[in-house]
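Take a look at the structure set out below.
The values are calculated or read from the model by the stated rules, or taken from the named source; none is laboratory data. Predicted model, so just to flag it, every value in this text is computed and none were measured. Quick reminder, even Gly has a Cβ in these numbers, built from the backbone with ideal geometry, and neighbours come from all protein chains shown. Calculation scope for accessible area: heavy atoms of the full protein, side chains included, ligands and nucleic acids excluded. Shrake-Rupley method; radii C 1.70, N 1.55, O 1.52, S 1.80 Å.
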Amino acid sequence: DEPAGPVELRGERLPVEVLARILADLEAAVGPLTVMVEASDEHDAPLWGDYHPSWPYPDRFEARTRAECLATDVIKAFARTADHQVDELLDVARRIVPAEVATLTQAGLGFVEICPPGADKASGLAVVAQTLGVDPGDVLVFGDQPNDLPMFEWAGWARVAVSNAHPAVRAAADEVTLRNDDDGVAVYLDRLLSR
């Protein structure tokens with residue numbers, strides 16, 4: 001039953017007034033932030049905001065002022081500061097921003113990700129699994145960054161980290177496979193399916 005195109009099973013957005021308050025509180029604590037927002041859900045839509053050379057996808061970026069970025073509710077925002085390593089910034093942000101206001105994480109890109117409350121990989125997988133009639137106890141997941149940790153908590157069968165994963169992800173994993181650039185997921189699945 002392949003649909004003609006992508007099907008949105010659940011849509012969440014972070015209200016601009018909430019994001020504006022989060023950014024103001026964060027900047028009061030850590031100083032100026034480089035901020036980008038994902039405002040459009042169109043395929044390959046660019047992020048808007050302040051360009052930073054560490055962003056790995058410069059071809060999908062459009063310079064916009066902070067006011068323009070805060071003119072509409074967003075799917076997600078990205079923030080970084082030159083004075084804090086991303087895990088440090090994430091720790092500060094989590095002390096400032098309650099979980100019921102926004103979900104905060106990082107995905108190894110050097111930016112803290114600011115998402116609508118409750119929007120994470122676990123909630124996304126739960127929607128898909130429920131739609132397909134799959135029990136969480138039958139789900140095997142792979143991960144490498146802190147944004148995978150909610151998914152690790154949700155999945156009931158097994159949690160596998162690649163060997164170059166963030167230390168928190170390796171600590172939460174049931175097993176560790178080869179690095180992602182050594183085809184660790186494929187090697188693990190090949191062994192599993194060859195049993």
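Only Lys, Arg, Asp and Glu carry charge here, each on its Cβ (+1 for the first two, -1 for the last two); on that basis the chain has a dipole of about 380 debye about its Cα centre. For the pair ASP41 and GLU62, label points projected 7 Å from Cα toward Cβ lie 1.8 nm apart.
3J(HN,Hα) along the stretch 19-36: 4, 4, 5, 4, 5, 5, 5, 5, 5, 5, 8, 10, x, x, 10, 8, 10, 10 Hz, from the Karplus curve 6.51 cos²θ - 1.76 cosθ + 1.60 with θ = phi - 60°, whole Hz, x for Gly and Pro. The mean accessible area for residues of the chain, using a 1.4 Å probe and ignoring ligands and nucleic acids, is 55 Å² per residue. Across the stretch 43-58, rounded Karplus estimates of 3J(HN,Hα) from the backbone phi angles (6.51 cos²θ - 1.76 cosθ + 1.60, θ = phi - 60°) give 4, 6, 5, x, 6, 10, x, 8, 6, 10, x, 7, 5, x, 10, x Hz, Gly and Pro being marked x. In the chain, the DSSP beta bridges split such that about 60 percent are antiparallel, to the nearest 5.
When the accessible area of the chain is computed with all protein chains present and a 1.4 Å probe, what percentage of it is carbon and sulfur? Each step should come with its number before you reach the end.
Values: 5450 of 10770 Å².
Ligands and nucleic acids excluded, carbon and sulfur reach 51 percent.
For the pair ALA129 and ARG10, label points projected 7 Å from Cα toward Cβ lie 1.1 nm apart.
Which FRET efficiency, nearest 0.05, do HIS52 and SER194 yield, Cβ-Cβ r, R0 35 Å?
Working: r = 44 Å, r/R0 = 1.25.
Rounded to the nearest 0.05, the efficiency is 0.20.
Answer rounded, prolate or oblate for the stretch 21-81, using the Cα gyration tensor with square roots of eigenvalues a ≥ b ≥ c: rounded when a/c is under 1.5, else prolate when a/b is larger than b/c, else oblate. Before the final figure, lay out the partial values.
Details: a/c = 2.24, a/b = 1.40, b/c = 1.60.
Here the stretch 21-81 falls in the oblate category.
Residue-wise HN-Hα couplings along the stretch 91-96, as the Karplus relation 6.51 cos²θ - 1.76 cosθ + 1.60 with θ = phi - 60° gives them from phi, are 4, 4, 4, 5, 6, 8 Hz; Gly and Pro carry x. Scanning residues 5 or more positions from LEU47 or on other chains, those with amide H under 5 Å from its amide H are PHE61, GLU62, with H placed 1.01 Å from N in the peptide plane.
Considering all alpha-carbon pairs of the stretch 27-182, what whole percent are spaced by more than 29 angstrom?
The answer is 23 percent, as a whole percent.
Taking Lys and Arg as +1 and Asp and Glu as -1, the other residues whose beta-carbon sits under 14 Å from that of LEU178 total -3.
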